[in-house]
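This report concerns only the one structure given below.
The values are calculated or read from the model by the stated rules, or taken from the named source; none is laboratory data. Since we're looking at a predicted model, the values are computed, not measured. Note: ideal-geometry Cβ built from the backbone for every residue, glycine included; neighbour counts use all protein chains shown.
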Amino acid sequence: MTDSPRAIPRRSVVSWILYDMANVIFSMGVISLYFSLYVREQADASKADSTYGAITAVAMGLMFLLSPLLGAMTDRARKRMPFLVWATLVSCAATALLARGPFWVSAILFVIANGGYQAGVQFYDSLLPEVSTDENRGRINGLSVGLGYLGSYIAVGLGFVFGTKDKAILFTAIAALFLLIALPCFLFVHERGNPNPRPIFRASAIAESLQETWRTLRAGKRFPGLLRFLIGRAFYTDAINTVISFMSLYTVNVAISTGLSAADGEKRAQFVLMSAITAAILGGVAWGFVVDRIGPKKTLTIILGCWTGTFTVAACVGFLHLPIGWLYLVACVAGISLGGTWASDRPYMLRLTPPDRVGEFYGLYGMVGRFSAVTGPALWGLTTYITVERMGMPALTGQAFAIVTLLAMVLVSIVILRPVTDEKRDWAALEAAAQGT
């Protein structure tokens, strides 16, 4: 699949962007906000972090194992869209049933809903070449990231409309809106298709897909910078995904430390998230233009510097018991950084990807994201378990120590990514050189 000049209908671009809004409704409404608060209601408050961390680690662990296989299989398929449709339907169905039975049932449904969502994001990412060219990719992806965060307004707004006590209604509303807003993408994004489709649902095809992925990871000369980028991405997404997941719990504990009730803390958490969302919308759009001007590598380096400052201040809020107003500053900078992260690293990955292996490579891209989403919550849960449950520290202090571990992850990623260039690759020449050695 080449990136040759072609006319891309505006309707296709808008529909692709709308799907980002749809899946953000899920990620913000379920992962970042209401499911973590639901866990806090069902489990002891002191064990909420470790319980939610364990559930999230299981959910992401399964997707870590499946992501590269799913990506390689979509490279074999005639089209990727059917995979996106089914993943979305599975996620919406499971989400609609959350909080309607015993807690353990909802935990299993969360794992299923998250699996469908994560797989859908992977398939969605691999459709970026279908709605953009190399010249406008940063802007279109930035618009997708920025405008997609409007979905967060919707997710948080549902809490004001329905209240936060009846989580079952909230989850059903999230599922319905996710599906409704995703529909244009299913209908109006038209793929060029795979000219050489191969069998997918056979044992031999699965084995071959796994072998191709293993050969890719070992073939450093054929794909310069790929492995180092994936490792570096595992570290910074570890920090980012974790802080997104635990922001609500952290805000509630900051509120309680200042004398507010848990209910007031939940309301403050919504306002803090709204601040982050607003900044992410502006950040995603603005950083998209920066990517087209200076390239994804330089843009991501700047953004990781912003994350370093964000985590430093966030940890100080917990250690020094600063007023909750500081979290609004943290949320705004985090939002700008969050929008910029996805506006830059998705095009960055495409620079490292051969045109005929987009699905497989975005499977690897997704795999490290899932890995970080396993290790991040697990590390956060372990840190709070040791500091709070074993050492008897206040919950807020334990969370501040957990944030320090996230700061360390970002610093490590900066060092790892430093040598990786985003220069355009001559894939034909690299393939010929690899075969000649």
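Please go through the stretch 131-140 and give me each residue that is part of a helix (DSSP H, G or I) and either at pLDDT below 85 or touching an Asp or Glu at 6+ places or on another chain (Cβ under 8 Å) (or both), ordered by number. Please lay out each step first, then the result.
Let us first name the residues in the stretch 131-140 that are part of a helix (DSSP H, G or I), namely 137-140.
Within the stretch 131-140, Arg137, Gly138, Arg139 meet the criteria.
Given the structure, is Phe171 closer than 18 Å to Ile17 by Cα and surrounded by 22 or more Cβ atoms within 10 Å (Cβ to Cβ)? Spell out the reasoning first.
On the way: closer than 18 Å to Ile17 by Cα: no; surrounded by 22 or more Cβ atoms within 10 Å (Cβ to Cβ): yes.
Against the criterion (closer than 18 Å to Ile17 by Cα and surrounded by 22 or more Cβ atoms within 10 Å (Cβ to Cβ)), Phe171 does not qualify.
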Which of (1) more than 23 Å from the chain's Cα centre (by Cα); (2) among the hydrophobic types (A, V, I, L, M, F, W, C); (3) crowded, with 22+ Cβ neighbours inside 10 Å is the odd one out, the single condition Met393 does not satisfy? (3)
Residues in the stretch 99-113 that are assigned to a helix (DSSP H, G or I) and under 14 Å from Thr172 (Cα atoms): how many? 4
Filter the stretch 412-437 for residues that are at pLDDT 90 or above and surrounded by fewer than 16 Cβ atoms within 10 Å (Cβ to Cβ); which is farthest from Lys298 (Cα to Cα)? Val415
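Answer yes if at least one residue in the stretch 120-127 is part of a helix (DSSP H, G or I) and over 14 Å from the mean Cα position of the chain (by Cα), and no otherwise.
No; the residues of the stretch 120-127 include none that is part of a helix (DSSP H, G or I) and over 14 Å from the mean Cα position of the chain (by Cα).
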Within the stretch 255-265, is even one residue in contact (Cβ under 8 Å) with a residue 60 or more places away in the chain, crowded, with 16+ Cβ neighbours inside 10 Å, over 24 Å from Phe371 (Cβ atoms) and under 16 Å from the mean Cα position of the chain (by Cα)? no
Condition first: under 20 Å from Leu282 (Cβ atoms), under 13 Å from the mean Cα position of the chain (by Cα) and crowded, with 23+ Cβ neighbours inside 10 Å. Now tell me which residues in the stretch 345-378 satisfy that. Asp345
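Considering each of Ile336, Ile231, Ile281, Ile240 in turn, give the residue that is more than 30 Å from Glu41 (Cα to Cα) and either without any contact (Cβ under 8 Å) to a residue 60 or more places away in the chain or crowded, with 24+ Cβ neighbours inside 10 Å (or both).
Details: Ile231 fails: either without any contact (Cβ under 8 Å) to a residue 60 or more places away in the chain or crowded, with 24+ Cβ neighbours inside 10 Å (or both); Ile281 fails: either without any contact (Cβ under 8 Å) to a residue 60 or more places away in the chain or crowded, with 24+ Cβ neighbours inside 10 Å (or both); Ile240 fails: more than 30 Å from Glu41 (Cα to Cα).
When all the criteria are applied, what remains is Ile336.
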Which condition number in (1) of a type outside the set (Phe, Trp, Tyr); (2) at pLDDT 85 or above; (3) closer than 23 Å to Gly366 by Cα; (4) surrounded by fewer than 21 Cβ atoms within 10 Å (Cβ to Cβ) is the one that Pro224 fails? (2)
